[in-house]
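Asks: Okay, handing you the structure first.
Just so it is clear, none of the values below were taken in a lab; they were calculated from the coordinates. Bear in mind the structure is a predicted one, so any value in this text is a computation, not a measurement. So basically every Cβ, Gly included, is an ideal-geometry build from the backbone, and we count neighbours across all protein chains shown.
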Amino acid sequence: MKLKIYTTEICPECKVVKSYLKAMNIDFDEVLVNTPELVEHVISLTGQRRVPVIQTDSDVIVGFNQDKIKSLAY
């Protein structure tokens, strides 16, 4: 399973999530949220204007939720 992670360049929490995913050997595609359309897409996924957002085939995780992310590796 490959994840999609929505981030911004100035988001410290995004950097933590990406480092954690790499440390857990979880493959992901990064989407830089840098246009109004991508901001609207993140809001439509989560109901929030917040990153990082991790999208799986069946779930969306907002922020750095270590337990939820760890469960993706198993």
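Asks: Select, from Thr35, Thr7, the only residue that is more than 15 Å from Gln66 (Cα to Cα), buried (at least 16 other Cβ atoms within 10 Å of the Cβ) and among the hydroxyl-bearing types (Ser, Thr, Tyr).
Replies: Going through Thr35, Thr7 in turn, the sole match is Thr7.
So that you can scan it fast, the table gives a plain yes or no per residue for (1) aliphatic (A, V, I, L, M); (2) in contact (Cβ under 8 Å) with a residue 12 or more places away in the chain:
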| site | (1), (2) |
| --- | --- |
| Lys2 | no, yes |
| Lys18 | no, yes |
| Leu21 | yes, yes |
| Asp29 | no, yes |
| Pro36 | no, no |
| Asp57 | no, yes |
| Ile61 | yes, no |
| Asn65 | no, no |
| Ile69 | yes, yes |
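Asks: Now for a different question. Among the numbered criteria (1) part of a loop (DSSP other than H, G, I, E, B); (2) within 12 Å of the chain's Cα centre (by Cα); (3) not polar (S, T, N, Q), which one does Glu9 miss?
Replies: Every listed condition holds for Glu9 apart from (2).
Asks: What are the residue pairs meeting all of these: first residue in the range 39-50, first residue in a helix (DSSP H, G or I), second residue aromatic (Phe, Trp, Tyr), Cβ atoms under 6 Å, and 6 or more apart or on different chains?
Replies: Partner pairs satisfying both residue conditions: Val42/Tyr6.
Asks: Could you check how many residues of the range 51-69 are in a loop (DSSP other than H, G, I, E, B) and either in contact with a helix residue (DSSP H, G or I) (Cβ under 7 Å, 6 or more places away or on another chain) or of a type in the set (D, E, K, R) (or both)?
Replies: So the count comes out to 7.
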